[in-house]
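This report refers to the structure that appears directly beneath it.
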Amino acid sequence: MAGPTKKKKQVVTSLKLQLPAGKATPAPPVGPALSQHGLNIMEFVNQFNKATAKMEDGMIIPAEILVHPDRTFTMNLKTPPASYLLRKAAGIVKGSGEPNKNKVGKLTQKQIEEIAKVKLEDLNTTDINQAVKIIAGSARSMGLEIKHG
């Protein structure tokens with residue numbers, strides 16, 4: 001082999017946590033999830049809080065944590081869940097328990113498109129039109145009406 005090759009760190013397992021931006025603490029769910037893999041809990045808390053400090057207070061941020069054999073980790077932050085963004089845009093606290101019967105809010109097509117742009121990198125499509133359809137489906141399943149036009 002010619003020249004040094006950069007070897008990717010082996011991954012033992014991966015964890016997914018959804019935490020409020022800038023507000024991670026060693027308390028559950030963080031502490032128990034990380035300690036069972038022997039990770040430094042405070043190191044994760046500090047990294048997560050630093051990475052999310054400039055984000056909106058209380059915004060839920062999913063974090064994927066890749067655990068390596070030497071008990072180190074790599075953290076990847078994702079975009080907020082579509083349901084969070086939809087609730088915020090519609091100004092509601094929670095979705096409908098019966099979305100086909102009880103509508104709890106209204107969104108415009110433009111709002112759906114804006115949310116689709118934010119979520120595009122985490123969706124399983126690169127087509128913005130397909131992303132809009134995915135987000136619109138999520139909105140309908142939460143009991144939100146979409147005004148076209």
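The values are calculated or read from the model by the stated rules, or taken from the named source; none is laboratory data. Keep in mind that what you see is a predicted model, and the values were worked out from it rather than measured. Backbone-built Cβ (ideal geometry, glycine too); neighbour counts: all protein chains shown. Each accessible area value is taken on the protein alone, full model and side chains, heavy atoms only, with ligands, DNA and RNA left out. Shrake-Rupley method; radii C 1.70, N 1.55, O 1.52, S 1.80 Å.
For this structure, a couple of remarks:
- Counted residues, the stretch 17-40 - those being open to solvent by 40 Å² or more (accessible area, probe 1.4 Å), assigned to a loop (DSSP other than H, G, I, E, B) and not polar (S, T, N, Q): 6
- For P80, the conditions (1) in a loop (DSSP other than H, G, I, E, B); (2) over 22 Å from Q130 (Cβ atoms); (3) not β-branched (V, I, T) all hold with the exception of (2).
- Checking E43 against (1) under 30 Å from Q10 (Cα atoms); (2) of a type outside the set (A, V, I, L, M, F, W, C); (3) surrounded by fewer than 13 Cβ atoms within 10 Å (Cβ to Cβ), the condition it does not meet: (3)
- Residues of the stretch 119-144 satisfying the condition of being farther than 15 Å from K106 by Cβ and either part of a loop (DSSP other than H, G, I, E, B) or touching a Cys at 6+ places or on another chain (Cβ under 8 Å) (or both): L123, N124, T125, T126, D127
- Just one of the listed residues (L120, L85) is within 17 Å of M142 (Cβ to Cβ) and either among the aromatic types (F, W, Y) or surrounded by 15 or more Cβ atoms within 10 Å (Cβ to Cβ) (or both), and it is L85.
- Out of T79, T108, T52, sole residue that is among the polar types (S, T, N, Q), touching a strand residue (DSSP E or B) at 6+ places or on another chain (Cβ under 9 Å) and farther than 30 Å from K147 by Cβ: T52
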